[in-house]
Amino acid sequence: MALGTPPERIRARLDGIARLGRLRPSVRVQRHRVAGLPAATFEAPGVAADAGTLLHFHGGGYVVGSLTTHHHFLADLALATRRRVVGVEYRKAPEHPFPAPIDDAQRAYDALTGSGPIVLGGDSAGGGLALALTQRLRATGARLPAGLVLFSPWVCLGLEGESIERNAPYDYLSRPAMERFAAHYLQGHDARDPEASPVHADFRGFPPLFVQAGGAELLVSDIERLCRRARAADVAVRLEVYEGMFHAFHGFAGLLPEARDAYRSAGRAVRRWLPAVPLVQPHFGRAQLPV
């Protein structure tokens, strides 16, 4: 699509494309609302009721993305983690700029805290949203998530990393497109605000981070910088960089063995943080993601 295409047209086109994909028949999906926000719960076979929740925020540059575009992503997460996965749709820019998505993320988190331990997840902008929410929770003394699992998180809206230029020939993202999305979201707000760009955050007291990135994506150097800052603040960090992979390659699990490997690794991390034993060991058929 052309760079100037209105966001509502991009959203409709992406939702239409996503509906063409094959569903995961073994994953039970329930549409509902969390704190008034559209939501969906994804459960793979055999997940125990008390296993805790992975609350995942979808990507899309704070402008596009939905439960429809991320249906397969969330289903694959449920299969890989063997835990309940809840996705929510937050308000989006430019209609609802910074900090509206963070406000919605906090509403969803607060509504789910009574249902047991929570791991926060997010891909791309959703990863930045999970990090921004954790900053807020720490500042207010609220209960923190058990951990964060982040897939190609967008952590610097100022696009400061050297890989923005180095990996430009290899990624489907582009600097002009990301600058446009950042402008829609920030609308004049300082890009160096740690809630907007978590690479500038103070990570003291953060829960453990599990982070994955593509070695050929534009954002990898910003992601690596965030992980170094978190480690310097004594946060437990595991960073996995998949060489040759582009931004949020996880969405192509049907085609890429690297994406399936990444889900398996992320699943192990989530199960360590939410240590419940499934009532029944799931059987993974041909249409499912083996873990």
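The values are calculated or read from the model by the stated rules, or taken from the named source; none is laboratory data. All values derive from a computational prediction rather than experimental measurement. For neighbour counting, all protein chains shown are included, and Cβ atoms are generated from backbone atoms with ideal geometry for every residue, glycine included. Quick note on the areas: whole protein, heavy atoms, side chains included, nothing else; ligands and nucleic acids left out. Shrake-Rupley method; radii C 1.70, N 1.55, O 1.52, S 1.80 Å.
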Taking the square root of 5λ for each eigenvalue of the C-alpha gyration tensor of segment 157-200, the equivalent ellipsoid has semi-axes, largest first and in whole angstrom, of 20, 13, 6
Sorted largest first, the Cα spans of segment 1-123 on the principal axes come out in Å as 46, 33, 20
Taking the reciprocal of mean 1/r across every pair of different Cα atoms in segment 100-257, the Kirkwood radius in Å is 15.9 Å
If N is the residue count of segment 122-191, its Cα Rg over 2.2 N^0.38 Å rounds to 1.27
Answer in debye to the nearest 20: the dipole magnitude of the chain about its Cα centre, from +1 Lys/Arg and -1 Asp/Glu charges placed on Cβ, is 940 debye
The percentage of the accessible area of segment 137-291 (probe 1.4 Å, all protein chains present) made up of carbon and sulfur atoms, to the nearest whole number, is 53 percent
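Taking R0 as 22 Å, what's the FRET efficiency between Glu243 and Tyr172 from their Cβ-Cβ distance, rounded to 0.05?
On the way: r = 17 Å, r/R0 = 0.78.
It comes out at approximately 0.80.
With the convex hull built on the Cα atoms of segment 166-251, state its orientation-averaged projected area in nm².
Numbers: hull surface 24.8 nm².
Its Cα hull, projected and averaged over all orientations, spans 6.2 nm².
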If unit charges are put on Cβ atoms (+1 for Lys and Arg, -1 for Asp and Glu) and the dipole of the chain is taken about its Cα centre, the option from Thr5, Ile118, Leu256 lying farthest towards the positive end turns out to be Ile118
Label model pair Ala139, Glu162: point-to-point distance (7 angstrom along the Cα→beta-carbon line) in nm is 3.2 nm
Rounded to whole Å², per residue accessible area for the chain with a 1.4 Å probe reads 41 Å²
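Given the convex hull of the Cα atoms of the chain, what is a quarter of its surface area in nm²?
Numbers: hull surface 54.8 nm².
Mean projected area of the Cα convex hull: 13.7 nm².
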Bounding extents of segment 82-168 in its principal axis frame from Cα atoms, largest first in Å, are 44, 32, 24
Averaged over all viewing directions, the convex hull of the alpha carbons in segment 54-132 casts a projected area in nm² of 4.8 nm²
Once Ile17, Ile10 are ranked on solvent-accessible area with the largest value leading and a 1.4 Å probe, the list reads Ile17, Ile10
Ordering 152-159, 121-128, 138-145, 240-247 by per-residue average of other C-beta atoms within 10 angstrom, highest first, gives 121-128, 152-159, 240-247, 138-145
